[in-house]
Number of protein chains: 2
Amino acid sequence: MKLYQSNLSPFASRCRIQIYAKGIEGIDMVEPPGGISSDEFKRINPSGKIPALEVDGVVLGESAVIGEYLEEAFPTPSLLPDAPIERGIARLLARVADLYILGPLFIMLPHMNPADRDEAVVEEQKAQLAGNLVMLERYLVAGGYEGGDHAVGGRLSFADCALVPALFVAVNIAPAFGMANPLAATSNVAHYWTAIQKDEHCARVLAEMTEGLKARMSGG
Amino acid sequence: MKLYQSNLSPFASRCRIQIYAKGIEGIDMVEPPGGISSDEFKRINPSGKIPALEVDGVVLGESAVIGEYLEEAFPTPSLLPDAPIERGIARLLARVADLYILGPLFIMLPHMNPADRDEAVVEEQKAQLAGNLVMLERYLVAGGYEGGDHAVGGRLSFADCALVPALFVAVNIAPAFGMANPLAATSNVAHYWTAIQKDEHCARVLAEMTEGLKARMSGG
């Protein structure tokens, strides 16, 4: 198997937490040839996005899809809770991270430089992000979160694999847009964000993302 | 169980195909109280979106998440292929329908009226939609589609449940934006769209969507 990815991509990072936690060996981790969205890489993965997982010549795109594949192909240890409804909550929290936390942040990203920023776009997306963090807080609490080290089910799950990279992007990027502490209004999310960093696999990927961010910021 | 939904919503329609195909009885199907995005409904489902499935007082949002829950809670008949890689392809095609076909269409929708249309937005989203239909075609063929009645694995799957409502929206909405036949450039997608309508559960939901569209267009 080959994973097209980069260490800074939050979607690829979601896959790496899963791969590390399951102890899956022998996945070749490579940057997309020609780069993201290049014609060369689109011949491999039609969307041109990372991550993409090549399995026996077939390429799966989308971290959520790769996540389900890895869970089925390498079931132990499971990264889903046991109870059906908690499995649903784990997937729901992962999807909120993916679409509703990272979504606004990715629209804001090209506007990092205040000099040529489109303020209307930035303000709209900041409001979206703030509202969606409150939504995340409500889903987290409705799912039974009471201040533990993991989002749901008492152990590492899909929810953590997706939330950790998404919250990393939020706390690192939002301050550049005047949101000094984007988690200030969501105490459970803030508590969770501190607690989950004790998990060794999450900590490993956060260190990789930090290295990736440093390289990007120094022009690497 | 209670499903907050509407017959016209493509995301809710995805769930209904699944419910009908599995023969699940006793799900109370209701419109969201107060309407989509209302404060009243957000107290039930924090995102304010439909569909949402209430199970023993816990609410799951997002059709993809509800889909996995229903598959686990009602495993027979399965709506995933048997082979792990084909299961991945089914989920990938469903996600492409969900994000990359319906995504641009939902951005275009408020611009239906040519009189107050933002042409720049419309042109950008039309280009996205056209490109994403080609992406869908490529994933479909890479997943082994050779003109059969179903998208993958030789039987009804998550892929069909999501593609059918998404393609219904595409063929009904795109002409209003000057795309008379949005599937003209993607022969496999076009062939699939004709073939899948023979499936009784897909046909039932397409009829419901058609009724919902008629009611909407007549001001209902």
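List of remarks:
- For region A:3-30, the set of residues classified as of a type in the set (D, E, K, R) and either in the same structural domain as residue A:172 (by TED's automatic domain parsing) or exposed (fewer than 14 other Cβ atoms within 10 Å of the Cβ) (or both) consists of A:25, A:28, listed by residue number.
- For region B:128-156, the set of residues classified as over 18 Å from the mean Cα position of the chain (by Cα) and either within 14 Å of chain A (Cβ to nearest Cβ) or within 21 Å of residue B:84 (Cα to Cα) (or both) consists of B:131, B:138, B:141, B:142, B:143, B:144, B:145, B:146, B:148, B:153, B:154, listed by residue number.
- Of all the criteria given as (1) at pLDDT 95 or above; (2) more than 30 Å from residue B:131 (Cβ to Cβ); (3) at the interface with chain B (Cβ under 9 Å from one of its Cβ atoms); (4) surrounded by fewer than 24 Cβ atoms within 10 Å (Cβ to Cβ), the one not satisfied by residue A:84 is (1).
- Of all the numbered requirements in (1) surrounded by fewer than 23 Cβ atoms within 10 Å (Cβ to Cβ); (2) part of a helix (DSSP H, G or I); (3) charged (D, E, K, R); (4) touching a helix residue (DSSP H, G or I) at 6+ places or on another chain (Cβ under 8 Å), residue B:149 misses one, and that requirement is (2).
- Among the residues of region A:152-165, those identified as among the small types (Gly, Ala, Ser) and part of a loop (DSSP other than H, G, I, E, B) are A:153, A:154, A:157.
- If the condition is being on the phi > 0 side of the Ramachandran plot and either within 14 Å of chain B (Cβ to nearest Cβ) or aliphatic (A, V, I, L, M) (or both), then region A:21-37 contributes only A:37.
- Count - residues of region B:58-78 that are more than 9 Å from chain A (Cβ to nearest Cβ) and more than 19 Å from residue A:70 (Cα to Cα): 7
- Qualifying residue in region B:38-45 (condition: within 14 Å of chain A (Cβ to nearest Cβ) and buried (at least 23 other Cβ atoms within 10 Å of the Cβ)): yes
- Hey, residue A:195 assigned to a helix (DSSP H, G or I) and over 16 Å from the mean Cα position of the chain (by Cα) or not: yes
- Taking region B:47-134 and the helices (runs of 4 or more DSSP H) fully enclosed by it, the elements with 2 or more residues that are within 30 Å of residue B:25 (Cα to Cα), in contact with a Gly (Cβ under 9 Å, 6 or more places away or on another chain) and not charged (D, E, K, R) are at B:63-73, B:84-95.
- Pairs with Cβ under 6 Å, 6+ apart, first in region A:114-136 and open to solvent by less than 70 Å² (accessible area, probe 1.4 Å), second small (Gly, Ala, Ser): A:135/B:47
The values are calculated or read from the model by the stated rules, or taken from the named source; none is laboratory data. Since the model is a prediction, treat every value here as computed from it, not as a measurement. Neighbour counts are summed over all protein chains in view; Cβ atoms, including those assigned to glycine, are modelled from backbone coordinates with ideal geometry. Calculation scope for accessible area: heavy atoms of the full protein, side chains included, ligands and nucleic acids excluded. Shrake-Rupley method; radii C 1.70, N 1.55, O 1.52, S 1.80 Å.
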